[in-house]
Each structure stands twice: as structure tokens, then as C-alpha cells.
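For reference, the structure is listed below as C-alpha cells.
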Amino acid sequence: MKLIINKEIYKNNLTGEPFNFTKIIKTSNSIYCYVNNKEIISFEDVANMDIFEVKDGEFSCPAKTKEEMQQEVNAKLLKDSANLQVELDKQKELNATLLMQIARLGGR
């Protein structure tokens with residue numbers, strides 16, 4: 001589906017081609033446009049929501065607020081960060097073991 005702003009289809013600045021969004025969410029004062037569940041563009045704190053239309057589809061109602069979605073993203077980032085820290089600690093331990101083995105081999 002395509003987003004229309006002031007009667008003009010919203011286009012990619014790089015290619016000049018219209019974006020083909022998979023979902024467009026409209027709240028009381030914001031628009032969030034997605035492709036495959038990834039937010040591509042948003043228009044927030046819009047004074048006149050009448051300038052937005054959708055071609056080849058309909059606006060979706062928000063299932064979650066922007067804050068709820070941000071909290072989910074933050075939680076995922078925290079989890080990913082913790083997992084990366086565990087992997088980093090494992091790598092440090094492996095590096096220390098390898099350095100000790102190299103030192104032993106160099107000492108013979």
C-alpha cells in the first residue's frame with residue numbers, strides 16, 4: 001500500500017520510486033509506516049491528519065502505543081547486550097587460555 005500526503009504518493013528520496021508499505025498505522029496525531037514489521041518512516045505530532053491517505057489498503061489502528069513498542073525494543077536490546085557480554089567473556093577466557101599455551105610453548 002502507498003502513503004499519500006497532500007494528494008501526492010510518498011516516494012523514496014534515493015530511488016524516486018513510491019514506497020510500498022506493508023502496514024501504515026494512524027494514531028490521533030501520528031503516522032507510522034512499516035515494511036515487513038520494520039518501521040521505515042514516521043510522522044509524529046502532526047497538526048492536520050487530513051493530509052494523509054492510503055492507496056491500495058487501509059490505515060491500521062495501533063495495537064500498541066509508541067511507548068510500549070519502545071519498551072519492547074529496549075528489552076530486546078538489553079537481552080541482546082547481555083548475550084553479547086556473555087560471548088565476549090567467553091572469548092576473553094579463550095584468549096587468555098591461548099596466550100598461556102603460547103607462553104608455555106615459547107618457554108620450551
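Coordinate-derived values only; no laboratory data. No experiment lies behind these values; they were computed from the predicted model shown. Heads up, the Cβs are rebuilt from the backbone with ideal geometry, glycines too, and the neighbour counts pull from every protein chain shown.
If the condition is being of a type in the set (Lys, Arg), under 11 Å from Phe52 (Cα atoms) and not in a loop (DSSP other than H, G, I, E, B), then segment 6-33 contributes only Lys26. Can you tell me which residue in segment 47-82 is farthest from the chain's Cα centre (by Cα), limited to those that are among the basic types (Lys, Arg) and assigned to a helix (DSSP H, G or I)? By that ranking, first place goes to Lys79. Do we find a residue being out of contact with any helix residue (DSSP H, G or I) (no Cβ under 7 Å at 6 or more places or on another chain), surrounded by 11 or more Cβ atoms within 10 Å (Cβ to Cβ) and of a type in the set (A, V, I, L, M, F, W, C) anywhere in segment 84-99? Within segment 84-99, none of the residues are out of contact with any helix residue (DSSP H, G or I) (no Cβ under 7 Å at 6 or more places or on another chain), surrounded by 11 or more Cβ atoms within 10 Å (Cβ to Cβ) and of a type in the set (A, V, I, L, M, F, W, C).
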